[in-house]
1. Using the crude model of +1 on Lys and Arg Cβ and -1 on Asp and Glu Cβ, and no other charge, please compute the dipole size for segment 74-129 relative to its Cα centre, in debye to 20.
2. Work out the charge dipole of the chain with +1 on the Cβ of Lys and Arg and -1 on the Cβ of Asp and Glu about the Cα centre, then indicate which of S137, V172, Y81 is farthest towards its positive end.
3. Where nothing but the Cβ of Lys and Arg (+1) and of Asp and Glu (-1) is charged, how large is the charge dipole of segment 1-111 around its Cα centre, in debye to the nearest 20?
4. So, counting K/R as plus one and D/E as minus one, what does the shell of residues with Cβ under 15 Å around V86 add up to?
5. Run the dipole for segment 106-219 about the Cα centre, Lys and Arg Cβ at +1, Asp and Glu Cβ at -1, nothing else charged, and hand back the magnitude in debye, nearest 20.
6. Sort I6, I94, I37 so the one with the fewest other Cβ atoms within 10 Å of its own Cβ comes first.
7. Using C-alpha positions alone, give me the convex hull volume of the chain per residue in cubic angstrom.
8. Can you check what the net charge comes to around I152, using other residues whose Cβ is under 11 Å from the Cβ of I152 (Lys, Arg +1; Asp, Glu -1)?
Amino acid sequence: MNKLRIVVLISGSGSNLQAIIDSCQQPEAKAEVVAVISNRDGVKGLERARAAQIPAEVLNHREYSDREAFDAALKQRIDAYQPGLVVLAGFMRILTASFVAHYLGRMVNIHPSLLPKFPGLHTHRRALESGEQKHGSTVHFVTAELDGGPAIIQAEVPILANDTEESLALRVLEQEHQIYPLAVHWFASGRLHYQHGKAWLDGTALTEGGHPFSVVSKG
Ligand code: GRF
């Protein structure tokens, strides 16, 4: 059986990319990472891709006159690999509406908060400052609304009394490395899809927050 072809977009460390690469190397994997594209040169995620013998490219947004021009070039690079799924893994760019429309239903993102709480930047700081007791991360389909697409899976972590932004970020990241490969696996297995503005898992529309990770089996 042909594996689902994935292109992963990154801007930095790529620890989520690594988790996905690792899970795609399992014998039961139904997906393969066929390319990694970064808008920043010299980042660790590019090294991770090359270490796994995955084609890795840099497309520097600063070399384009505007967002439309960059996104058009990015789309061309991505589509050259004919992916079935585009995975945003710490890709720090706001995407144009036409780019998002082109990949609707076949592009996912991971956002470090319990969406719909804290879309946008500095989520760990904001969760701490607002006195939340729990925090987490959400995988969602990408739509035109920033961090607003339908949620697929969400992992929750406690906020501890002595937490700093860094300690909280680490706790969240550990969970991300579980839920992102799982969401990719669901999509690759045909269990997950996007329709009518919703995420569907095994034929059932997921509700706000998506599937809670704690009650999910790893299979
Ligand atoms: C993660 O926290 C993810 O939620 C956010 O960016 C970070 C990427 O980390 N979108 P990494 O590059 O995968 O290590």
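1. Values: 7 positive and 2 negative charges, 13 e Å.
In debye, rounded to 20, segment 74-129 gives about 60.
2. Farthest towards the positive pole: Y81.
3. On the way: 13 positive and 11 negative charges, 21 e Å.
Dipole magnitude for segment 1-111 comes out near 100 debye.
4. Once positives and negatives cancel, what remains is +1.
5. The calculated dipole for segment 106-219 is roughly 340 debye.
6. The most exposed by this proxy come first: I94, I37, I6.
7. Working: hull volume 27.3 nm³, N = 219.
Per residue, the Cα convex hull of the chain comes to 125 Å³.
8. +2
Read-outs throughout are calculated quantities, based only on the coordinates presented, and are distinct from any laboratory measurement. Nothing here was measured: the structure is a model prediction, and the numbers come from that model. For neighbour counting, all protein chains shown are included, and Cβ atoms are generated from backbone atoms with ideal geometry for every residue, glycine included.
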